[in-house]
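So the structure is just underneath, and the comments pick up after that.
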Amino acid sequence: MIESRGAWWVDCEGRAFGPLDSRREAADYALKLAETHRDPTRRSDVWVPDQNGKLRLEWSGQEPARVA
């Protein structure tokens, strides 16, 4: 997630989603994207910047599916 010109944007696999009004709204949208569009062969994580810009792990998905 990034803040640009007073709006928040979610970066998902190089594609930007937004603008969103607040950090919390962007974090919730990122969680929704991660849960509904995840690739079962890769781990999904959502990192959210705090008030100081430091990234914090907000959510981590299930371990990737094993391929036989």
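Considering only residues that are over 25 Å from R66 (Cβ atoms) and of a type in the set (D, E, K, R), which ones fall in segment 1-53? Result: E3, R5, D11, R15, D21, R23, R24, E25, D28, K32, D50. Residues that are basic (K, R) and in contact with a Ser or Thr (Cβ under 8 Å, 6 or more places away or on another chain) within segment 1-55 comprise R38, R43, listed in sequence order. If the condition is being of a type in the set (D, E) and at negative phi, then segment 1-17 contributes E3, D11. Take E58 and decide whether it is on the phi > 0 side of the Ramachandran plot and free of Cβ contacts under 8 Å to residues at least 40 places away in the same chain. The answer is no for E58.
Filtering segment 28-54 to residues that are over 15 Å from E13 (Cβ atoms) and of a type in the set (K, R) leaves only K54.
Quick note: the coordinates plus some simple rules give every number you see, no bench work behind them. Remember, it's a predicted structure, so these values are computed and weren't measured experimentally. Methodologically, a virtual Cβ is constructed for each residue, glycine included, from the backbone with ideal geometry; neighbour enumeration extends over all protein chains shown.
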